[in-house]
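Since the structure comes first, as structure tokens, the remarks are kept for the end.
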Amino acid sequence: MLLELLEPIPARYDYAVGNLDATMDALRYLDLSGHAGWALVIRRFDETFAADPEWARGLCEVVTRASYEHLLRGGRFLMLVQSPVELSIGVLGGEEPTWFTREPHP
């Protein structure tokens, strides 16, 4: 679904997994009109983080910046990451990310 949304967006860079500049371009120009907003959901983000913590944090920072730009234009774009453990991503966009943890039922 995300690739279908990104297809019509011209990019200055080649889309590649490691190219965060291209990812920023793509997310920046997403057309959110006609929608209440979009959420990018990444499951098992702990595996991405374990493979390359610097890249994973960079991706979070890119989405934070794109989210802010969309918010300035009246749109909403956010990222939700799922992980069985809390990750130390650090401050993103001036804010500490919030981790929702579900307590097991007794």
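Please treat every number below as a calculation from the coordinates, not as lab data. All figures in this text were calculated on a predicted structure; none of them were measured in a lab. Here the Cβ positions follow ideal geometry from the backbone for every residue, glycine too, while neighbour counts run over all protein chains shown.
Tabulated results
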read-out: Inter-probe distance in nm under a simple model that places probes 7 Å from Cα toward Cβ, at L32 and L80; value: 1.6 nm
read-out: Sequence of R76, R102 once ranked by neighbouring C-beta atoms within 10 Å, starting from the fewest; value: R102, R76
read-out: Potential lengthening between R43 and D21 on full extension [0.36 nm per residue; Cα-Cα distance subtracted]; value: 5.7 nm
